[in-house]
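Here is the structure we will look at.
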Amino acid sequence: MGSATKKFVKNFVKNRIPGGKKYPFFGSIETTRRCNSRCSFCPIGNERAEFKKGEMTIEQMKHVIDQFAEMNILAVSYLGGEPMLKEGLPEVAKYASTKDIISQVSTNGILLEENAKEWTDAFNVIVVSLDAVDADLYREIRNVDKFDQVVRGIKKAVELTKGKEGKSIIVNTVICAKNLHQVKDVVKFAKDLGVNGIMVDFATFHDYWVNITDNKSKYQPDVMDWRNKAEETKALIKDLIKMRKNYPIITSRSYMETFLTGNFKYKCHPYLFCCVNKEGAVAIPCWDSKITKFYDILEKHRLKELWFSKEVLELRKKVENCSDCYMHCIVEPSKVLGNPLSNLQDLMDWIKVWKMQGKPV
């Protein structure tokens, strides 16, 4: 049994004990809010300059990793903005490996080709966003003319990691109103590129996000919202669920079925995912709720003590029946790990993905 599997089993057992302490499986670090895209479905690349100020140093990120290790966290995701704009980030991933923590980075892939060797050496998993199969639609969605560059980066990363144990290249497709007709083609295209897995993710929209954008914003939530095309979206989900038989789609069936049925009244388990922002504050009870508070874990708090404190436990309890959220990082873990008996096949699929990590499809 590998160290990742041991951690999983240990935390899984702890979390199933009635009345026991609830440990996270996953952690995330927001590396930066800077971005080299202006995506139509995302406010981050379109937000005002003041929201981009203040980033942890590399040493401070290592301090966060130390605290993740104390919590027996299995894997950490490095998010943005665009993480490849954060100088020195591979050093953090290498440090995490000394703590037996899997490192996954999510990138738009624009800088991947020129940094492929350094980043594939440092990270266990590189998730590259690809939302279209042609340059015109890619440009319309992301507002940069970089489709060919991103594809070259994926090909180079796949070549560098091919057959290497513990290394995976994954394509992530963000579903929005503009690309519903191309998502299945992206899945097929990604498989032809030789990636280790394919994820699909539904673009998230919150009303207040329009208030943080600048005067050059390309953010268009009203235009990009997949909910505007409900029947087309449902038809796509049905097809994607069928495609899981022949394509390496690693997004869980239970997550996709949530959008098929529109039933978001599942029990939320926010303790499964520990999110730290670019300034070194952990989000409680989750990354984005109406009651979320941020606690500094660089100087004021130690994560392990804070995580099980009375104040934090009370905040988590308030969102147990939350039905406003459809963020991938909350919905999928809450269903697969929070309610494993009802989603046993998804749980087995997750374990299979970990065991297959780094093997070509």
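The values are calculated or read from the model by the stated rules, or taken from the named source; none is laboratory data. On a predicted model such as this, the values are computed, not experimentally measured, just so you know. Using ideal geometry, Cβ is built from the backbone for each residue, glycine included, and neighbour counts are taken over all protein chains shown.
Looking only at residues that are over 17 Å from Met71 (Cβ atoms) and among the polar types (S, T, N, Q) in region 283-319, which one is farthest from the chain's Cα centre (by Cα)? This residue is Thr292.
Kindly indicate whether any position in region 230-246 is of a type in the set (S, T, N, Q), modelled with pLDDT under 95, more than 21 Å from the chain's Cα centre (by Cα) and over 17 Å from His181 (Cα atoms). No, every residue in region 230-246 fails to be of a type in the set (S, T, N, Q), modelled with pLDDT under 95, more than 21 Å from the chain's Cα centre (by Cα) and over 17 Å from His181 (Cα atoms).
Taken over region 249-298, residues that are part of a strand (DSSP E or B) and touching a Leu at 6+ places or on another chain (Cβ under 6 Å) amount to 2.
Considering only residues in region 13-48 that are of a type in the set (A, V, I, L, M, F, W, C) and in contact with a Pro (Cβ under 8 Å, 6 or more places away or on another chain), the one that is surrounded by the fewest Cβ atoms within 10 Å (Cβ to Cβ) turns out to be Phe26. When the residues of region 18-60 are filtered to those that are of a type in the set (Lys, Arg) and in contact (Cβ under 8 Å) with a residue 24 or more places away in the chain, which remaining residue is farthest from Trp226 (Cα to Cα)? Restricting to residues being of a type in the set (Lys, Arg) and in contact (Cβ under 8 Å) with a residue 24 or more places away in the chain, the top hit is Lys21. The number of residues in region 58-79 that are at pLDDT 95 or above and either within 29 Å of Val150 (Cβ to Cβ) or surrounded by 20 or more Cβ atoms within 10 Å (Cβ to Cβ) (or both) comes to 10. Checking each residue in region 247-274 for being modelled with pLDDT of 85 or more and small (Gly, Ala, Ser) picks out Ser252, Ser254. Residue count for region 17-58 satisfying the condition of being of a type in the set (D, E, K, R), part of a loop (DSSP other than H, G, I, E, B) and under 26 Å from Ile101 (Cα atoms): 5.
Among the numbered conditions (1) in contact with a Pro (Cβ under 9 Å, 6 or more places away or on another chain); (2) part of a loop (DSSP other than H, G, I, E, B); (3) aliphatic (A, V, I, L, M), the only one that Leu315 does not meet is (2).
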